[in-house]
Amino acid sequence: MDDLGPAIVDDADGGRYGHAAITLHWLTVLLLIGSFTLGLSMVGLPFGRQKLQWYAWHKWIGISVFLVTCLRLAWRAFRGAPAPLAAMPPWQRRASVLVHGALYGLLLVIPLSGWVYSSSTGVQVVYLGLFPLPDVVPKDRALARALLALHLTLNFTLFSLVCVHTAAALKHHFIDRDTVLTRMLPPWRSVIQGKGTR
Ligand code: HEM
């Protein structure tokens, strides 16, 4: 059992992630790549149709990240997650629980900070061009500057944590040669290695 919910334990490796958890994990990665790429490139565009479109896409992807994360957490609460590998030292188990918790927190808070920031600039968010979100704060220049700084800082923190998280996964795979990475990969990887999936 870890601090993020019930654990599935079905073998010495702590079990595999299920298909839904794996799909939602890698969908989140794709959405974040899209969101970061748009977020970094849209700012420098000259004002016009393309800039407005890219800002809208960036916001839509951000809201999608929020929704996918809610779904992921609900699924995790319902189905559980594999326990950390028994061979991992206690500090690594604690570190992985802390980093995963922080990643989940940031995946929820960053889209919310973007929504509040957008409200403070006076631009309403309309998800997918269909669902208008209410403005949560009035238009305010000083507030907008502070919220932009917050949004950028949270994103920088997420980026740094993702680098640590990715480095840890690769270290487990290539140096420790354990199953930490493969249990989060699609099932064909484990079929090759002769491991079952849940
Ligand atoms: C890009 C953004 C990423 C985010 C936001 C993210 C987030 C997360 C979260 C929240 C978990 C915990 C899952 C749970 O137990 O509920 C997780 C697990 C995992 N992630 Fe990522 N991840 C990202 C990228 C990556 C990348 C690039 C890799 C591989 C190179 C990776 C490999 C893994 C592995 C192997 C686990 C399972 C760890 C374990 O079983 O202890 N992740 N990820």
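Computed from the coordinates by the stated procedures, all read-outs in this text should not be read as laboratory data. Note that the structure is a prediction, hence the values are computed from the model and not measured. Cβ sites come from the backbone with ideal geometry, for glycine too, and all protein chains shown count toward neighbours.
Here are some notes:
- Under 21 Å, Cα to Cα: Lys pairs in the chain, sequence gap 8 or more or different chains: 4
- In order through the range 47-54: 3J(HN,Hα) via Karplus (6.51 cos²θ - 1.76 cosθ + 1.60), integer Hz, x for Gly, Pro: 4, x, 4, 5, 4, 4, 5, 5
- For the range 66-82, 3J(HN,Hα) computed residue by residue from phi via the Karplus equation (6.51, -1.76, 1.60; θ = phi - 60°) reads 4, 5, 5, 5, 4, 4, 4, 5, 5, 5, 5, 5, 7, 9, x, 9, x Hz, glycine and proline entered as x.
- Residues whose amide H comes within less than 5 Å of that of Tyr127, counting only those at least five positions distant or on another chain, are Leu133 (H built at 1.01 Å from N in the peptide plane).
- Lys, Arg +1 and Asp, Glu -1 on Cβ, resulting dipole of the chain about Cα centre, debye, nearest 20: 340 debye
- When the chain is treated as a GNM with alpha-carbon contacts under 10 Å, the residue of Leu150, Leu32, Leu133 showing the greatest mean-square fluctuation is Leu133.
- Percent of Cα-Cα distances greater than 24 Å, calculated over the chain: 47 percent
- Taking Cα atoms only, the orientation of helix 19-42 departs from the longest principal axis of the chain by about 30 degrees.
- Helix 90-120 and the long axis of the chain differ in direction by around 20°, with both axes built from C-alpha atoms.
- Most mobile of Gly15, Gly129, Gly39 in a GNM of the chain (Cα contacts under 10 Å): Gly129
- The chain - mean residue ellipticity at 222 nm from DSSP helices (-39,500 (n - 2.57) per run, n ≥ 4, rounded to 500): -22000 deg cm²/dmol
- Derived scalar couplings between HN and Hα for the range 125-141 equal 8, 10, 4, 6, x, 10, 10, x, 8, x, 6, 9, 9, x, 4, 7, 4 Hz in order, rounded to whole Hz, by the Karplus curve 6.51 cos²θ - 1.76 cosθ + 1.60 (θ = phi - 60°), x for Gly and Pro.
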